[in-house]
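Accompanying notes for the structure given below.
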Amino acid sequence: MATSPRCGDYVADLIQKQTRRIGRLHPEVLADQDPEALHQLRVTLRRLRTVLNQFEAALILPDGVSEQRLARVTRQTGLTRDLDVLRQRLELDLFPALPISADGEDSDPTIKAKALKRLLKGLARNRRQAFEGLEKALQDANYLKMLARLSKWLRKPDFTILGQQPIGDWLVEWQGSLSHGLFLHAGWQEANPRDKSLHELRKRIKEARYALENLEPFLPSGGHHWIQELKLAQESLGELHDLQVLADVIGEQELRPRVADLPELGVAIQHQLDRCWEDWQTLASRLKARDRRWEFQGLFLSSCPGVTDET
C-alpha cells in the first residue's frame with residue numbers, strides 16, 4: 001500500500017468530518033424539536049472520541065483537547081437520549097401490544113390511556129431535568145473552547161513521526177489499538193443477563209465497530225461483513241440494556257403508582273427481556289467461535305507482505 005495516505009492526513013480528515021457534523025447538530029439539539037438530532041449528536045461525539053483514542057499515537061493535539069473531555073459531554077447526551085428511547089419504546093412498542101390484562105381480560109382502553117399518560121408525565125419531568133444538564137454541557141465554555149482549538153488545529157494539523165508514515169503500513173496496529181482482547185472480555189461468557197459486564201461489553205463492541213469503520217476503505221473484500229456483525233451484537237445488548245432500564249424505572253417508588261392499572265406491562269417487558277437474552281446468547285455463541293475470532297483478528301493480515309494462511 002505504497003500509495004496510501006499518511007496516517008495523520010487520513011485521521012485529520014476523519015476528525016474534520018465529525019467536528020463539522022457536531023457544529024451542524026448543536027443548534028438542532030438545543031432547539032429540542034426532534035429527538036433524532038440528539039441521537040445523531042451522541043453518535044458523532046462517540047465517533048470523534050473513538051478517532052482521538054484510536055489514533056492518539058499519530059497526533060500532536062493542542063492542550064485541552066482530549067477524548068476524556070469529550071466523554072463528559074457525551075455522558076450528558078446519554079442521560080437525555082436514554083429517556084427518549086424509553087418513551088419511544090413505551091408509546092410505539094409496549095403499550096400498543098397490551099390488549100390483554102394480567103388476568104386474561106381485555107384492558108379498559110380508558111384506564112390504559114390514563115396509566116400511559118401518568119407514566120409519560122413522570123418520564124417527561126425526568127427528561128426536562130436531564131435536558132437542563134445537557135444544555136449547560138453544550139454551552140460550557142471549556143467544551144466550546146476545546147472544539148475551537150480542534151478546529152484551529154485542523155487548519156494546520158501536527159503529527160508524530162508515526163503520523164507521518166503511510167497508514168497502509170500500520171493497519172493491523174490501528175485496528176488492534178481498540179479491538180485487542182475484545183473476545184477475552186468476561187461479558188462473552190456471562191450467564192446472568194443483569195451482570196454489569198454485559199453493559200461494558202456493549203461499549204467495547206461499539207468501540208471496536210467504530211474503529212473498524214474508521215479503516216473501512218482499507219478493509220479486504222471479505223471483511224466488510226464484520227462491521228454489520230459488530231453492529232448486530234451492539235444492538236442486541238443495547239436492547240437488552242434498554243429493557244432492563246425501563247423495568248427498573250417503572251419499578252421505582254416514584255413511578256410505581258402511575259402504572260398500578262397496568263400490571264400486564266411488567267409481564268410484557270419480561271417477555272421481551274427473555275427474547276432479547278435468547279437472541280444475544282445465540283449471536284454471542286456464533287461470534288466467539290474460534291474460526292470467527294481468528295478471522296476478526298486477522299482482517300488486515302492479508303495486506304501484509306509475506307503473511308500467509310499457513311501455520
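Within the range 225-258, the set of residues being surrounded by 13 or more Cβ atoms within 10 Å (Cβ to Cβ), over 30 Å from LEU116 (Cβ atoms) and either of a type outside the set (A, V, I, L, M) or modelled with pLDDT under 95 (or both) comprises TRP226, GLU229, LYS231.
Mind checking whether some residue in the range 175-189 is touching a residue at least 60 places away in the same chain (Cβ under 8 Å), within 23 Å of LEU273 (Cβ to Cβ) and either surrounded by 14 or more Cβ atoms within 10 Å (Cβ to Cβ) or in contact with a Cys (Cβ under 9 Å, 6 or more places away or on another chain) (or both)? Yes; the residues of the range 175-189 include at least one that is touching a residue at least 60 places away in the same chain (Cβ under 8 Å), within 23 Å of LEU273 (Cβ to Cβ) and either surrounded by 14 or more Cβ atoms within 10 Å (Cβ to Cβ) or in contact with a Cys (Cβ under 9 Å, 6 or more places away or on another chain) (or both).
Pick out, from the range 1-92, the helices (runs of 4 or more DSSP H) lying fully within it that include 3 or more residues that are touching a strand residue (DSSP E or B) at 6+ places or on another chain (Cβ under 9 Å). Give the derivation first.
Numbers: elements: 7-31, 35-54, 67-89.
Passing ranges, in order: 7-31.
Of all residues in the range 1-40, those satisfying the criterion of being of a type in the set (Ser, Thr, Tyr) and at pLDDT 95 or above are TYR10, THR19.
Of note, LEU215 does not satisfy the criterion of being touching a residue at least 24 places away in the same chain (Cβ under 8 Å), crowded, with 16+ Cβ neighbours inside 10 Å and over 21 Å from the mean Cα position of the chain (by Cα). Among residues of the range 5-26 that are among the small types (Gly, Ala, Ser), those with a beta-carbon under 7 Å from a residue that is at pLDDT 95 or above at least six positions away or on a different chain give the pairs GLY8/ALA58; GLY8/LEU59; GLY8/PRO157; GLY8/PHE159; GLY8/GLY163; GLY8/GLN164; ALA12/LEU154; ALA12/PRO157.
Listed here are the residues, each with its yes/no results for (1) surrounded by fewer than 17 Cβ atoms within 10 Å (Cβ to Cβ); (2) of a type in the set (S, T, N, Q).
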| site | (1), (2) |
| --- | --- |
| PRO5 | yes, no |
| GLN16 | yes, yes |
| ILE22 | no, no |
| HIS26 | yes, no |
| ALA31 | yes, no |
| ARG47 | no, no |
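Taking the criterion of being over 14 Å from the mean Cα position of the chain (by Cα) and among the hydrophobic types (A, V, I, L, M, F, W, C), the residues of the range 28-50 that qualify are VAL29, LEU30, ALA31, ALA37. Could you list, in sequence order, the residues of the range 91-117 that are touching a helix residue (DSSP H, G or I) at 6+ places or on another chain (Cβ under 8 Å) and at pLDDT below 80? Those that are touching a helix residue (DSSP H, G or I) at 6+ places or on another chain (Cβ under 8 Å) and at pLDDT below 80: PHE95, ALA97, LEU98, ILE100, SER101, ALA102, SER107, LYS112, ALA115, LEU116.
The values are calculated or read from the model by the stated rules, or taken from the named source; none is laboratory data. As the structure is a prediction and not an experimental result, all values here were calculated from the model. When we count neighbours, we look across all protein chains shown, and the Cβ atoms used for this are built from the backbone with ideal geometry, even at glycine.
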